[in-house]
Amino acid sequence: MQIRFGYELNYQLPQPTPMILTLNVHHSRVSDLVGSDHMKTTPSVPTTAYRDGFGNWCTRLVAPTGHFRVTADATINDSGEREPVVPSAIQHPVPQLPEETLVFLLGSRYCETDRMSQFAWDKFANAPLGWGRVQAICDFVHQHITFGYQFARSTKTAWEAFNERQGVCRDFAHLAITLCRCLNIPARYCTGYLGDIGVPKDPAPMDFAGWFEAYLGSTWYTFDARNNTARIGRVLIARGRDAADVAISTTFGPNTLETFRVWTDEVTS
């Protein structure tokens, strides 16, 4: 199957403003692209690209004073299959974990492992190791937090989401990641596109999605505490310790995001 995806961001800027944008499809999916997901700006400005410390593609530019538009529209091939569910995936003892996974055991900006550790062990110590434990965490988070866009707050941490019991997809992911790390399971934050493919259409406007990956059985597996079910057509943009590492845009100056639009749809003949 093929998926058409894209975005349009419209800014108003009182002065020339440097930006870092993390909007390109992750390099692991580049071979699936039909054509290019090249970023277009209006007015046109010079851009430079680089990979950050997590391997994500980032774009640097200086947005001019006034109205500034950033957009892309592309198509990607997808297997059309649901994400794998592997109950036999094992949990590795910490001494056996690859070095590159260890950073994803540590606390980070939005994932306060120090505050959540006692609760995590009290709640999940008797859950089965491996896949079963991560799934138990997802089940808990899915039931514990009420989803709503009105609950979004850019500064909300896992600890705050746990106590407020309200949030958006990034809050579900942050809490699940934090609980996994407390239990010595490497977990990393993911952002990207997730359309309503194979599920009833959500009437709310589409947004970028947040989920996480846990390291089990020598593999990073996708988990989604908000939806809590295997999905079709997830398109990765970036991975990091938490949402601070994968911000869609980082601006170095005053700005107003006037409009924001995202689309992800199955291509039908």
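The values are calculated or read from the model by the stated rules, or taken from the named source; none is laboratory data. Note that the structure is predicted; figures quoted are calculated from it, not measured. Virtual Cβ from ideal backbone geometry, glycine too; neighbours counted across all protein chains shown.
Output yes when any residue across segment 243-262 is crowded, with 20+ Cβ neighbours inside 10 Å, basic (Lys, Arg) and either at pLDDT 95 or above or closer than 22 Å to Ile90 by Cα (or both), and no when none is. No - not one qualifying residue is present in segment 243-262. Checked across segment 245-262, the condition of being in contact with a Cys (Cβ under 9 Å, 6 or more places away or on another chain) and either within 24 Å of Pro200 (Cα to Cα) or among the small types (Gly, Ala, Ser) (or both) holds for no residue. Pairs are defined by a Cβ separation below 7 Å, a sequence spacing of at least 6 or placement on different chains, a first member in segment 70-87 that is in contact (Cβ under 8 Å) with a residue 40 or more places away in the chain, and a second member that is outside any strand (DSSP E or B) and among the aromatic types (Phe, Trp, Tyr); the pairs so defined are Val86/Trp131; Pro87/Trp131. Here Gly210, Gly192, Gly217 are screened, and the one residue that is in contact (Cβ under 8 Å) with a residue 40 or more places away in the chain, buried (at least 23 other Cβ atoms within 10 Å of the Cβ) and outside the structural domain of Leu33 (by TED's automatic domain parsing) is Gly210. Thr264 meets all of the listed conditions (1) in contact with a Gly (Cβ under 7 Å, 6 or more places away or on another chain); (2) closer than 27 Å to Ala136 by Cβ but one, namely (2).
Among residues that are closer than 22 Å to Thr101 by Cβ, over 16 Å from the mean Cα position of the chain (by Cα) and not in a loop (DSSP other than H, G, I, E, B), Leu179 is included. In the set (1) assigned by TED's automatic domain parsing to the domain that holds Gly192; (2) in contact with a strand residue (DSSP E or B) (Cβ under 6 Å, 6 or more places away or on another chain); (3) within 29 Å of Arg29 (Cα to Cα); (4) among the small types (Gly, Ala, Ser), Ser154 fails one condition alone, (2). Residues in segment 59-67: is at least one surrounded by 16 or more Cβ atoms within 10 Å (Cβ to Cβ) and among the β-branched types (Val, Ile, Thr)? Within segment 59-67, one or more residues are surrounded by 16 or more Cβ atoms within 10 Å (Cβ to Cβ) and among the β-branched types (Val, Ile, Thr).
Taken over segment 106-154, the residue count meeting the criterion of being touching a Lys or Arg at 6+ places or on another chain (Cβ under 7 Å), buried (at least 18 other Cβ atoms within 10 Å of the Cβ) and hydroxyl-bearing (Ser, Thr, Tyr) is 2.
Residues in segment 75-85: is at least one more than 20 Å from the chain's Cα centre (by Cα), within 22 Å of Ala136 (Cα to Cα) and hydrophobic (A, V, I, L, M, F, W, C)? So far as segment 75-85 goes, no, none of its residues is more than 20 Å from the chain's Cα centre (by Cα), within 22 Å of Ala136 (Cα to Cα) and hydrophobic (A, V, I, L, M, F, W, C). Quick one: would you say Ala158 is hydrophobic (A, V, I, L, M, F, W, C) and either within 30 Å of Thr75 (Cβ to Cβ) or in contact with a Cys (Cβ under 9 Å, 6 or more places away or on another chain) (or both)? Taking the combined requirement at face value, the residue satisfies it.
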